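The structure appears below as structure tokens.
The values are calculated or read from the model by the stated rules, or taken from the named source; none is laboratory data. Fair warning: this is a prediction, and the values are worked out from it, not measured in the lab. Using ideal geometry, Cβ is built from the backbone for each residue, glycine included, and neighbour counts are taken over all protein chains shown. Each accessible area value is taken on the protein alone, full model and side chains, heavy atoms only, with ligands, DNA and RNA left out. Shrake-Rupley method; radii C 1.70, N 1.55, O 1.52, S 1.80 Å.
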Amino acid sequence: MGWNTTQPTAPLTALEAFQTLTLEDLRPLSELIASDPPKKKSDLVPWLAKVMTDPAKVQELYDGLDESSRRAVRIAAFDPAGRLDLEKLQAQFGEKPRFNTADPNRSKWDYDYKERKQIKPTLLRLFFPRFKELPRDVRAILRSFAPAPKRFSIPTLDAPPLTHTLPKVGWTNDDKDQQESQEPVRVRETATEAQADLLAVLRLVEAGKVRVTDKNFVPTEASRKALAPILAGGDFYRPEEAEEWKYDPAVDLGIRSFAWPMLLQAGGLAQKVGDKLKLTAAGKKALLDPPAEVLDKLWASWLKTKTFDEFSRVDAIKGQSRAHMSGTAGRREVVVQALGECPVGEWFSIDDFFRLLRATGRSFEVAQKVYELYIAEHYYGNLGYGDEHAWEQLQGRFILVFLFEYAATLGVVDVAYLPPQGIRDDFASRWGADDLSCLSRYDGLLYVRINSLGAWLLGKAEEYRPAAPKRTDLIRVLPNRDVVAARELPAADRLLLERFAEPTSENVWALSASKALDAVEEGGSIDELEQFLTTRSNGDLPALVVQFLVDLRSKVDRLKNAGTARLIACADENVAAELAAERSLKGKCLRAGDRFVVVRDADLAAVKKAVKRLGWVWPILDE
């Protein structure tokens, strides 16, 4: 029988579709209907077309199909073009319908000529003469009686499983011994963590302790190590859970500690100055803004950023610089659309989320030149040749990075996970992957849940109401301006105190006017300090501390930056007086001593014209 699966550009009628087949194809199809069918193609084609356009016969044949085949027919019948997407079908139901009696586990090239002659078509082939589309007149008949297929709905759970079965591979007497273990699943609820992390990371940047590389502006290893301890609950993984072999993808398990500097830069809250990140004006403002609103802006900015590709974090897949990677914003949009179809407050597995994208036709391209991507070695480990796992290795890994490193860090989704080693085996058959414990540090992500913050960020809820900030008893503020920590302070609080106060002993800081004014010069504010002292301690602030803050605020307002200016030396005090008195230059030339005037840069052009009218030479060359 023929193996041609070429699709026409538009659906044909049954007569036209059968006409495109060879006699070798037509005879086995006719034998599915009658024991003594016509012999010639000129007779077979109209005969088969007549059968497949007879409503009663079509329903009889439909009823004779197995469930998998009936499902395929219904999906194609209600597709706008009558097409059957086998990849979508397999993603949704876990299997493809069978068009013939060949062993689905064997490649068609595994059959010799004699065996191939023994393969017969199934009834399904009558509905799909060209394999992947229904003839348009057959489709019209099917829609008159076949029920419409249900749209794929992602399965959900009230809670993720407590444990996950993890296969272990050992060696005994040169035999591979498969052993299984039940590993406890870790759960992180990220909405509250993200809001605390935002403030802590902004404080660390403000303190000048976050450095990024010159080329890609990614956080340095030292900065990631500094970031991890200040994050609420720490990073997702502990340092000791990483692999020792430097070429393994799990040698570096930093996720949130990598994401935060990237998010702040993409959102315009921080920028590289020298080798460090510094807060921008928007970043300084974000210290006082409601955290949820700042996270909303960061999420929107990340979805649009073109400066970083999440897939570059899949270190084991090489050749990305030559592969012409697709636009990241388009990929993210597809994933966010799929999240929009997921229920809020319910857990779903990553594998089912993959199925959702594929079953609903939400495809995206990771690279235009996939053949440039490879594992270990370009020739043998090339990813450019299709196989059943290519989607998981490319699109799937992008989704894992996006969800685990960015959506979870910003509090969009809660996550249930394990260390990545040995979790996914979809890459194990690849050349060069034998020695890898995982394909990416994100392989351990098992389940996600859109939380209330995520619902708002995704546009699935009209508002988000974080818990109202409560006054705490973390600190005591004494009349002598000492600030005493009652217990271990969160990282963000400690960083703020170190900015405005001098440490005098363990867990004690003295409010200092000089330190506070230095902080204001670097972009801090007295309002920020007062808000901290008020919300972290019970009761009113001591009167002496309130007066201290009032005095600081008055000192801050004494001087303001009015812009840059030029000091102009005049020949004598008469010239200076004449310039200062010139009516057209009122307020633009200010006396500075007997024979000097000061001109703001913004007024230089006007002063130059006036000087020329007076018949003098302007002393400043145009820049």
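Observations, loosely collected:
- When both the stretch 567-603 and the stretch 35-84 are represented by their alpha-carbon centers, they are found 96 Å apart.
- Translational diffusion coefficient (Stokes-Einstein; Kirkwood radius from C-alpha pairs) of the stretch 440-489 at 10 °C, 1.306 mPa s, in µm²/s: 103 µm²/s
- Acute angle (nearest 10 degrees) that the helix 190-206 long axis makes with the longest principal axis of the chain, alpha-carbon atoms: 40 degrees
- Helix axis angle, 41-51 relative to the chain longest principal axis, alpha carbon, degrees: 70 degrees
- Computed over the stretch 487-623, Kirkwood Rh from alpha-carbon pairs, angstrom: 19.0 Å
- Each of E206, E377, E244 has its accessible area taken with a 1.4 Å probe; listed largest first, they run E244, E377, E206.
- Net length gained if the chain between K609 and K39 were fully extended (0.36 nm per residue, minus Cα distance): 195.0 nm
- Based on DSSP H segments of at least four residues, each scored -39500 (n - 2.57), the chain has a per-residue ellipticity at 222 nm of -10000 deg cm²/dmol.
- Separation of the stretch 498-560 from the stretch 380-457 is 46 Å, based on Cα centroids.
- 1.4 Å probe accessible area per residue over the chain, in Å²: 51 Å²
- Within the accessible area of the chain (1.4 Å probe), percent carbon and sulfur: 50 percent
- Whole-Å semi-axes of the chain's equivalent ellipsoid (Cα gyration tensor): 67, 33, 23
- Computed from phi, the 3J(HN,Hα) profile of the stretch 112-129 under the Karplus parametrisation 6.51, -1.76, 1.60 (θ = phi - 60°) reads 7, 4, 5, 5, 5, 5, 7, 6, 10, x, 8, 4, 4, 5, 5, 7, 10, x Hz, with x in place of Gly and Pro.
- For the stretch 473-568, the fraction of alpha-carbon pairs lying more than 20 Å apart is 37 percent, rounded to a whole number.
- Computed over all pairs of different Cα atoms, the Kirkwood value for the hydrodynamic radius of the stretch 221-320 is 15.2 Å.
- Note on the stretch 374-430: Kirkwood hydrodynamic radius from all Cα pairs is 13.1 Å, rounded to one decimal.
- Share of Cα-Cα pairs in the stretch 307-356 lying beyond 14 Å, as whole percent: 64 percent
- Compared with the direct C-alpha span, the chain from T307 to F131 gains 59.1 nm at full extension, assuming 0.36 nm per residue.
- Rounded to 10°, Cα long-axis angle of helix 291-304 versus longest principal axis of the chain: 50 degrees
- At 1.306 mPa s and 10 °C, Stokes diffusion of the stretch 173-283 via Kirkwood alpha-carbon radius, µm² per second: 101 µm²/s
- Calculated Rg and Dmax of the stretch 397-515 using C-alpha coordinates, Å: 22.6, 70
- Quotient of the Cα radius of gyration of the stretch 379-465 and 2.2 N^0.38 Å, N being its number of residues: 1.33.
- Approximate shape of the stretch 29-144 as ellipsoid semi-axes (Cα gyration tensor, √5λ), whole Å, largest first: 22, 22, 11
- Label-point gap, in nm, between T156 and V575 - each point 7 angstrom along Cα→Cβ: 8.1 nm
- Among Y464, Y113, Y371, the sequence by solvent-accessible area, most first, with a 1.4 Å probe is Y113, Y371, Y464.
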